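These notes are about the structure you will find just below.
No lab work stands behind these numbers, since they all come straight from the coordinates. Just so it is clear, the structure is predicted and the values come from calculations on it, not from any experiment. For neighbour counting, all protein chains shown are included, and Cβ atoms are generated from backbone atoms with ideal geometry for every residue, glycine included.
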Amino acid sequence: MITGRHYINGQWTDGESGETRDILNPYDASVVARVSEGGRAETRAAIAAAREAFDNGGWPQTPASERGRLVFKLAELIERDREELARLESIDTGKTVEESRWDMDDIAGIFRYFAGLADKDGGEVIDSPVPDSTSTVVREPVGVCGQISPWNYPLLQASWKMAPALAAGCTIVMKPSEITPLTTIKVTELAEEAGFPKGVVNTVLGPGPEVGAELSENTDVDLISFTGGIATGKTIMRAAASNVKKVALELGGKNPNIIFDDADLELAVDYALNGVFFHAGQICSAGARILVQEGIHDRFVAALKARMERITVGNGFDEKTQMGPLISAEHLAKVESYVDIANKEGAKLLLGGCRPDDPALQDGYFYMPTLFAECENHMRIVQEEVFGPVITIERFASEKEVIERANSTIYGLSAGFWTRDPDRMERVSKALRFGTVWVNDFNVYFVQAPWGGYKQSGLGRELGRIGLEEYTEVKHVFRNH
Ligand code: NAD
């Protein structure tokens, strides 16, 4: 049985309560691990350790090149243990091991990128209107950071926060989702092996309304970075008002994928599948809302349906599997309820809408790839985030109409469109109000490019140079004489 504990001030601990939680494999609901379950007491201890390490431990004063060296070392250790990490991620989430391996490669690259950036910003000297004075602008680490991550990409999302924070000179308290903590525990072990000073990296395991709430409310935390649902994000934002801590939010998405008549049909179908069926559609940037222009509509839908029929659903550890289970019984019930809603709203079910028949998959949280056509803008299945393997198709006539419809959402994380017309590429990418816009692609992301949402999809950006800057304060030093 895999086990895991909190890591506070350089020590592994069961915590004050000594309570534990069983971790289930979504493939068959079997217990695969037992980990510590903490609450406010453990979180306060971790915050105190991070505060001490920041204020008196010398971490912010450590030369940026040395911090970068440690972050780089962590990248190397992640590469060394790639296979173990990938297997842990798949046991925890049910996603295919192949997908988890890609995640681990991305994660190592993320640590390398921020390690390299650590010592690149030396500040700037600016012009001063006062004779004989000097004016400099420098960036300094923001302080103690609470980092709360979701269950869909557990270590990938944690790494987007952990790598820039450490490179910038912050100290951190990580809180993985209580249902998927295994890879965060493992990466904490690797951070210890890499040699981060005590108190710089802390990990507390436990439920959101306890551990996450304490991190958001506690006035010794200077920044709270959160990835998860909109409702939780709003709760965190309110709690963060306690000491006006900085807030970074990566929230949900309902991401339009627009297929114009002049699209390359084959490619558009390929990428539409990639856009949704990674991790059974449990992706914040899933292109689950597809809008198809009249002239290509019927051919696109027929080709998409034919391809969806061939998706192999099963155990993520089986090489033939293309799509694993959903994360939990609770989440499966949510996806099922959305399918009921869509049926009642009058969407036309073309495929799926049920669990698989295969007797081998009955204990797990599986759901079949599902396709609804003839959907309308106002339907809940179109407007709300389902977070499952469910695609809706809407028909449209003109460019103007589709832009209005694509933008008519509370979300603004990502969008994509397919066309061969360069003028349209320019016009439509300007008109779409989303943090990322893909032209003739979908769901491509890389560490060099910033990621984040317009509107209620979030606040701030992760990745890219700006992803490091989010963990800094800007100081102007004016020196006269
Ligand atoms: P969630 O909001 O339920 O939970 C996310 C994290 O918040 C978990 O660690 C949870 O324990 C914690 N939490 C719960 N209640 C809390 C509280 N009151 N205070 C503080 N923390 C609390 O989200 P989830 O179901 O784990 O993840 C799915 C959501 O995440 C989806 O909406 C998805 O779109 C979003 N997501 C967004 C991105 C992005 O980049 N924008 C990436 C991945 C996932």
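Some notes on this structure:
- Mean ellipticity per residue at 222 nm, deg cm²/dmol - from DSSP H runs of n ≥ 4 across the chain, formula -39500 (n - 2.57): -12000 deg cm²/dmol
- C-alpha center-to-center spacing [the stretch 23-50, the stretch 145-206] in angstrom: 13
- Virtual spin-label span in nm between E84 and S135, 7 Å along Cα→Cβ: 5.3
- Each Lys and Arg contributes +1 and each Asp and Glu -1, all at the Cβ; summed about the Cα centre of the stretch 256-439, the dipole is approximately 240 debye.
- Highest to lowest packing among 161-170, 387-396, scored as the average C-beta count within 10 Å: 161-170, 387-396
- In degrees, nearest ten, helix 40-55 long axis to first principal axis of the chain (Cα): 50
- Using the Cβ of L77 as centre and a radius below 15 Å, the other residues enclosed give a net charge of -3, where K and R count +1 and D and E count -1.
- Most positive-pole-ward Cα, V247, L205, T180, against dipole of the chain from beta carbon charges: V247
- By average C-beta atoms within 10 angstrom, highest first, the peptides 35-41, 223-229: 223-229, 35-41
- Cleavage-rule hits (trypsin sites (Lys or Arg not before Pro)) in the stretch 200-265: DSSP loop, at most 10 neighbouring Cβ within 10 angstrom: none
- Gap separating the Cα centres of the stretch 90-114 and the stretch 445-481, nearest whole Å: 24
- On full extension, the segment bounded by L267 and R479 gains 70.4 nm, given 0.36 nm per residue less the C-alpha separation.
- Taking the Cα centre of the stretch 396-448 as reference, the dipole from Cβ charges on Lys and Arg (+1) and Asp and Glu (-1) amounts to some 100 debye.
- Dipole of the stretch 256-439 [Lys/Arg +1, Asp/Glu -1 at C-beta], most positive-end residue of V428, Q322, G416: V428
- Taking every C-alpha pair closer than 8 Å and separated by at least 6 residues, the mean separation divided by the residue count of the chain gives a relative contact order of 18 percent.
- Legend: translational diffusion of the chain by Stokes-Einstein, Rh = Kirkwood radius over C-alpha pairs, 4 °C, 1.567 mPa s; D = 56 µm²/s.
- Integer Hz, Karplus 6.51/-1.76/1.60 couplings in order for the stretch 162-171, x for Gly and Pro: 5, 4, x, 4, 5, 4, 6, x, 8, 10
- Folded to 0 to 90 degrees: helix 230-240 orientation relative to the chain principal axis, Cα: 20
- Cα-based helix-to-principal-axis angle, 294-309 vs the chain, degrees rounded to 10: 80
- Only Lys, Arg (+1) and Asp, Glu (-1) charged, at Cβ; the chain dipole about Cα centre in debye: 760
- Potential extension, S408-Q11 segment - 0.36 nm per residue separation minus Cα distance: 138.0 nm
- Distance (nanometres) between label positions extended 7 Å along Cα→Cβ at A306 and M425: 2.8
- Net charge contributed by nearby residues that have their C-beta within less than 11 Å of W160 (K/R +1, D/E -1): -2
- Distant-in-sequence amide H partners of T436 (H built 1.01 Å from N, under 5 Å): S414, A415
- Rounded to 0.05, the FRET efficiency of the D318 and A41 pair, given R0 = 51 Å and the Cβ-Cβ distance, is 0.75.
- Charge tally around V35: other residues with Cβ under 12 Å, Lys/Arg +1 each, Asp/Glu -1 each, net -2.
- Three-way shape label, the stretch 356-481, alpha-carbon gyration tensor, a/c 1.5: oblate
- Multiplying the residue separation of K455 and E336 by 0.36 nm and removing their Cα-Cα distance gives an extension gain of 40.1 nm.
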